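**Q** Pasting in a structure now, in structure tokens, and then I'll have a few things to ask.
What follows is calculated from the coordinates using simple rules that are stated; it is not laboratory data. Worth saying up front: this structure is predicted, and the values here are computed from it rather than measured. Note that we place each Cβ from the backbone using ideal geometry, even for glycine, and neighbour counts take in every protein chain shown.
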Amino acid sequence: MKDSTVIKNISLATMMLMQFMLVAVWWVPLAAYLTNKGVEGSMKALILSSMATGSMVSPMIGAFADRYLSAQKVLAVLNLLTALFLLVAGLSNDFLWIFVSIFIAMLCYMPTWSLTSSIAMTHAKPELFPRIRMFGSIGWITSGLFSLAAVKVFKIEVFDGSNIPLFCGSAVAAVAALLNILTLPDTPPNKSNEKISVRKLLGLDAFLLLRDRNYRMFIACSAAAMLAFALYYSFGSEFLQDRQFKYITVTMNWGQVVELFFLFFATTIIMRVGLKNALAIGLIALIARYLAFYLGVVSDVNAYYITGILFHGLIFGLFFVGGQVYTESKAPKNLRAQAQGMLSFLIWGVALLLGNFVCGQLISLNKTVDAAGKAVYDWNTIFAITTVFSVIVAILFYLFFKQEKRKTS
């Protein structure tokens with residue numbers, strides 16, 4: 001019995017590792033690849049917004065699919081479709097086909113975040129789930145091994161910024177689908193006789209939380225913070241490529257290493273300093289990131305860029321995960337799952353989508369072409385703007401978000 005439990009937990013941890021590795025290997029360097037393909041402006045922002053769009057519709061796809069098929073089978077099918085469309089995107093030279101393929105791949109992929117969590121929470125003890133989920137972050141980090149292997153072992157001069165990561169993502173997705181079928185425990189669908197309604201599929205009941213003034217302020221500040229966060233999250237590879245970094249994925253994955261630490265201790269930190277202070281620390285880290293990037297550009301010292309990347313752990317671990325904790329505490333028990341879906345829809349869907357277009361436009365306005373035809377970026381102005389904007393968001397948050405008493409249940 002004990003052995004079967006260990007095997008089951010290993011299969012769940014492997015599921016998380018593969019699921020986040022498959023997206024990180026191609027998503028992180030995507031902006032650099034699009035730049036090298038000559039994709040600019042609104043088209044680039046549109047392609048980079050596929051994750052946000054997938055986040056917006058994934059609750060509907062996941063809720064519908066999970067009702068009629070076992071969750072591990074749905075996961076396997078979605079991974080196979082992701083593999084197919086990433087392959088098409090890698091083979092295509094047409095901007096429209098690249099966009100359509102990545103868009104459909106993300107529509108298939110993003111529901112897997114909730115599916116993997118659902119499968120893990122069904123078969124593992126609650127106290128073990130954070131440790132199982134942590135393997136997702138490990139998978140994100142180890143995605144950098146693909147670029148190291150490509151350059152060192154296979155002597156491929158350019159990995160990040162090429163179409164090879166799309167093929168790697170496709171291959172990992174295919175392997176993940178096979179493991180989903182062969183190793184995951186059966187997670188049967190919900191056999192409830194309750195009819196599916198559009199209201200339930202959209203999770204509209206959770207929007208009642210927005211009646212609370214303090215929660216509205218939290219959502220507004222989170223959405224504003226995402227506008228600035230998108231510059232790093234979606235366009236970070238373009239910046240690092242311009243600064244002549246060779247191993248872009250590996251470099252950005254240092255932020256995930258720090259994220260592992262803060263994910264592990266996030267709950268303890270929140271309990272010690274209070275939710276408001278924890279969220280504020282996350283926003284201060286956002287300011288520090290862009291200030292470090294600004295100083296790096298001014299001084300031409302790469303150490304500042306690495307410092308800015310390392311702040312990712314504080315930003316994500318305290319502000320965004322802290323926001324999930326706050327949402328969990330505000331929602332009634334029967335709406336907690338819907339509330340998390342609503343938070344994902346508003347922040348990782350709507351706000352990230354808007355942030356990609358805003359940051360894409362900001363980059364375009366501060367980009368010129370020299371006599372040799374090479375792109376020249378005014379990163380000083382770009383990071384100065386995002387630093388000041390992040391300061392304003394942090395001040396507004398601290399002034400208008402009220403500390404609340406922690407619920408005991």
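**Q** Summarise the long-distance tail of P(r) for the range 323-365 by giving the % of C-alpha pairs beyond 16 Å.
**A** Taking all Cα-Cα pairs of the range 323-365, the fraction more than 16 Å apart is 47 percent.
**Q** Can I ask one more? From Cα pairs below 8 angstrom and at least 6 apart in sequence, can you work out the relative contact order of the chain, rounded to a whole percent?
**A** Details: 586 pairs, mean separation 102.4, N = 409.
Relative contact order, the chain: 25 percent.
**Q** Could I have the simple spin-label model distance between ASN302 and LEU399, label points 7 Å from Cα toward Cβ, reported in nm to one decimal?
**A** With each label placed 7 Å out from Cα toward Cβ, I get 4.1 nm.
**Q** Out of all Cα-Cα pairs in the range 1-186, roughly what percent, to the nearest whole number, are more than 20 Å apart? Walk me through the numbers on the way to the answer.
**A** Numbers: 9267 of 17205 pairs.
That tail contains 54 percent of the Cα-Cα pairs.
**Q** If you take the C-alpha gyration tensor of the range 200-403, multiply each eigenvalue by 5 and take the square root, what semi-axes do you get, largest first, in whole Å?
**A** On the way: eigenvalues 204, 68, 46 Å².
One finds semi-axes of 32, 18, 15 Å for the range 200-403.
**Q** Here is a follow-up. Note down the relative contact order for the range 200-403 as a percent, whole number, built from C-alpha pairs under 8 angstrom at least six residues apart. Walk me through the numbers on the way to the answer.
**A** Details: 232 pairs, mean separation 74.4, N = 204.
Dividing the mean separation by the residue count of the range 200-403 yields 36 percent.
**Q** Which value results for Rg/Rh of the range 86-175 when Rg is the Cα radius of gyration and Rh the Kirkwood radius based on the inverse mean 1/r? Display every interim value, and only then the final one.
**A** Working: Rg = 16.1 Å, Rh = 15.2 Å.
Rg/Rh: 1.06.
**Q** Loop-only trypsin sites (Lys or Arg not before Pro) in the range 321-386, please: DSSP not H, G, I, E or B, and at most 13 other Cβ atoms within 10 Å.
**A** Listed in order of number, the matching sites are LYS374.
**Q** For the cross-link pairs LYS37/LYS367; LYS333/LYS402; LYS37/LYS73; LYS276/LYS333; LYS125/LYS333, which exceed 25 Å when the distance is taken from alpha carbon to alpha carbon? Let's see the in-between values first.
**A** Details: LYS37/LYS367 16 Å; LYS333/LYS402 23 Å; LYS37/LYS73 36 Å; LYS276/LYS333 22 Å; LYS125/LYS333 19 Å.
Pairs exceeding 25 Å: LYS37/LYS73.
**Q** Here's another thing I want to ask about it. The chain: Rg/Rh from Cα coordinates, Kirkwood Rh?
**A** Taking Rg over the Kirkwood Rh, I get 0.95.
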